[in-house]
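One structure is given here, and the rest of the page talks about it.
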Amino acid sequence: QVQLVESGGGSVQAGGSLRLSCAASGGTFGNLGLGWFRQAPGKEREFVAAITRNGAGTPYADSVKGRFTISRDNAKNMVYLQMNSLKPEDTAVYFCAALLGGYPSTGFYITEALYKYWGQGTRVTVSS
């Protein structure tokens with residue numbers, strides 16, 4: 001089974017930046033679509049960003065578009081989320097997730113139910 005471990009969370013002031021990392025093991029990394037989700041206290045988990053197997057498709061939630069960038073390094077079995085211009089409303093636990101294979105449209109990657117593997121999460125706190 002695929003294992004995912006996030007790192008890079010922490011506390012930052014509004015307007016600052018953080019880079020989250022996710023290390024994958026136990027599977028063929030190149031056959032994984034990867035995504036980032038987040039969950040704030042008392043809220044449901046929501047989609048943040050995703051990247052397809054070949055890295056060509058990168059859908060983003062409207063709330064983070066233009067501020068966050070997802071990328072992957074298949075040689076290192078890593079996926080990243082660069083977060084810039086952070087806002088207090090970005091405060092949440094961020095989860096790395098993976099799905100097997102590919103889908104015909106990047107629109108599929110926003111669907112949480114398609115992701116079969118999940119990390120434990122890393123906490124991000126943005127202060128005003």
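Cross-link partners of residue 65 among aspartates and glutamates, defined as those whose alpha carbon lies under 19 angstrom from its own and excluding same-chain residues fewer than eight positions apart: 46, 89, 90, 112. A simple spin-label model places pseudo-atoms 7 Å from Cα toward Cβ; at residue 100 and residue 62 they are separated by 3.5 nm. Annotation: amide H of residue 91 within the under-5 Å range of 126, sequence separation 5 or more or interchain, hydrogens built in the peptide plane. Solvent-accessible area assigned to carbon and sulfur over the chain amounts to 46 percent, based on a 1.4 Å probe. Charging the Cβ of each Asp and Glu at -1 and of each Lys and Arg at +1, and nothing else, the dipole of the chain about its Cα centre rounds to 160 debye. Rolling a 1.4 Å probe over the protein heavy atoms gives the chain an accessible area of 50 Å² per residue.
Summing charges over all other residues whose Cβ lies under 11 Å from the Cβ of residue 44, with Lys and Arg as +1 and Asp and Glu as -1, gives +1.
The values are calculated or read from the model by the stated rules, or taken from the named source; none is laboratory data. What you are looking at is a predicted structure, and each value in this text was computed from that prediction instead of being measured. Cβ sites come from the backbone with ideal geometry, for glycine too, and all protein chains shown count toward neighbours. For the accessible areas, the whole protein counts, side chains as well, though only heavy atoms, and no ligand, DNA or RNA atoms are used. Shrake-Rupley method; radii C 1.70, N 1.55, O 1.52, S 1.80 Å.
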